[in-house]
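Engineer: Have a look at the structure that comes next, please.
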Number of protein chains: 2
Amino acid sequence: MKKHGGARENAGRPRGVGPHGEATKPVRIPLSLVESLGSILKSHKIPLYSGRVSAGRPLESDNHVQEYVNLYKKLVPEPESIFCVKAQGDSMVGAGIYDGDLLIVDRHEEAGHKKIVIASVNGEQTVKTLLRVKGQLVLMPQNEKYPPLPITPDMEFSIQGVVKHCVRSFS
Amino acid sequence: MKKHGGARENAGRPRGVGPHGEATKPVRIPLSLVESLGSILKSHKIPLYSGRVSAGRPLESDNHVQEYVNLYKKLVPEPESIFCVKAQGDSMVGAGIYDGDLLIVDRHEEAGHKKIVIASVNGEQTVKTLLRVKGQLVLMPQNEKYPPLPITPDMEFSIQGVVKHCVRSFS
DNA sequence: TCTCTTGAATAATGTACATAAATCAAGATA
DNA sequence: TATCTTGATTTATGTACATTATTCAAGAGA
């Protein structure tokens, strides 16, 4: 009888050598997402490079990875309360919001003073900075071409949510 | 012997009545992601409301959902080739890129004429619009305060990637 | 005849289990 | 002694299968 191995410290396949580097658990996933799941999970670790790169070293080097950013969680921490809307017009260019930008909005965050909000005024939907001055609400554009709009009781007015992020896509 | 049911058309639990509305398959997921997987999958369907809302109807109504946007796939179609970097300075405000914005960069896209790129020049990393005029490369700021920078052979120069999206987050 | 109860049928779901992968060290070989 | 081969050990992984959920219609009861 040949004998090899034997019970001992550190025997066997080490933990964490799987592709995930961590214990896993089977979870049922809709078929349509199974294929892209790999990249979905990967996207939770997008490298965030530091702002400055020291002399001549290529950015590709791992040396410059400052941290990893979970873009997903950053933009959509609570999927249930998030919706998107496209910005129209130039009334908020002072806040860096341009026509066509995609706004990520939290419908549950309280609309405090100086927050950028999506509001409905007399049936018109708009994005503006909300000012609360002594109980008076004002919708403030960020462009001198447009005047502030004080909210009066005779107006239909509601706030749909607070703008959390603005995404502009290039070509 | 009592008899009920029996084999027949449309018998049994119908397809698609599960929470996913679709057939599923068990896939192993790292334990650290299992908890947030529900919201990860949900985020693939962020409602995108139409730009205008007709008279007075609340935005929350499903009537106004124009489509659903897969934010995730939009921003990170190819996780392997994407990295992030924070913008510094005001040389690109003309393109709506402000200090502190998060830039999502594709390192594999070809850096064509008029593309906004992350480049390394003599060891300094920078974001500029790339111009290609008769083989001559120029890094073009989008701010009149700064001059264009023609690339000459004596410069260390490389392009790290093409800026695909700019994300600004509010408070 | 109409309504309610219940068994059969079928899809959805979670997990136990069989298999694969990775590592170590005993024994074989040079 | 140094190197190679191989079995034992342990973790990683995919999936078969038992269980649960949902629906339909037969039969019971009013």
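All of the numbers you see were taken from the coordinates with simple rules; none came from a lab. Here the structure is a predicted model, which means the values were calculated and not measured. Because the Cβ atoms are built from the backbone with ideal geometry, glycine has one as well, and the counts that use them run over all protein chains shown.
Engineer: If we count other beta carbons within 10 Å of each Cβ, what is the order of B:TYR98, B:TYR49, fewest first? The partial results should precede the final answer.
Structural biologist: Values: B:TYR98 15, B:TYR49 24.
Result, fewest neighbours first: B:TYR98, B:TYR49.
Engineer: Counting only other chains, what is the mean number of Cβ atoms within 10 angstrom of the Cβ of each residue in peptide B:76-88?
Structural biologist: 5
Engineer: What number in nm² do you get for segment A:79-167 if you take the convex hull of its Cα atoms and divide its surface by four?
Structural biologist: Across all orientations, segment A:79-167 yields a mean hull projection of 5.6 nm².
Engineer: PRE reach from A:LEU131 (point 7 Å along Cα→Cβ): which of segment A:150-165 fall under 15 Å by backbone N?
Structural biologist: Only A:150-152 fall inside the zone, counting backbone N under 15 Å.
Engineer: So, R0 is 30 Å and r is the distance between the beta-carbons of B:ASP90 and B:SER32; what FRET efficiency does that work out to, to 0.05?
Structural biologist: Here the calculated transfer efficiency is 0.20.
Engineer: Further question on the same structure: Using θ = phi - 60° and the Karplus relation 6.51 cos²θ - 1.76 cosθ + 1.60, list the HN-Hα couplings for segment A:17-34 in order, rounded to whole Hz, with x at every Gly or Pro.
Structural biologist: 8, x, x, 8, x, 6, 5, 10, 8, x, 10, 7, 10, x, 3, 5, 9, 4
Engineer: With the dipole of chain B worked out from charges on the C-beta (+1 for Lys and Arg, -1 for Asp and Glu) around the Cα centre, which of B:PRO150, B:PRO26, B:THR129 lies farthest toward the positive end?
Structural biologist: B:PRO26
Engineer: Determine, for each peptide in A:143-151, B:88-96, the mean count of other beta carbons within 10 angstrom over its residues, then list the peptides with the highest first.
Structural biologist: Descending packing order for the listed peptides: B:88-96, A:143-151.
Engineer: Label A:LYS114 and A:ASN70 with points 7 Å out from Cα along Cα→Cβ: what is the distance between them in nm?
Structural biologist: Taking the two extended label points, one gets 2.9 nm.
Engineer: Give me the one-decimal Kirkwood hydrodynamic radius in Å for the protein assembly as shown, with the sum taken over alpha-carbon pairs.
Structural biologist: It works out to 23.6 Å.
Engineer: Project the alpha carbons of chain B onto their principal axes and report the range along each, largest first, in whole Å.
Structural biologist: Its Cα atoms span 95, 47, 34 Å along the three principal axes.
Engineer: Using only atoms on other chains, find how many Cβ atoms lie within 10 Å of each Cβ of peptide A:9-22 and report the average. Write out the running numbers ahead of the final one.
Structural biologist: Details: counts 0, 0, 0, 0, 0, 0, 0, 0, 0, 2, 2, 6, 2, 5.
Partner Cβ neighbours, averaged per residue: 1.
Engineer: What is the mean number of Cβ atoms from other protein chains located within 10 Å of the Cβ atom of each residue in peptide A:118-124, rounded to a whole number?
Structural biologist: Per-residue shielding by partner chains comes out at 3.
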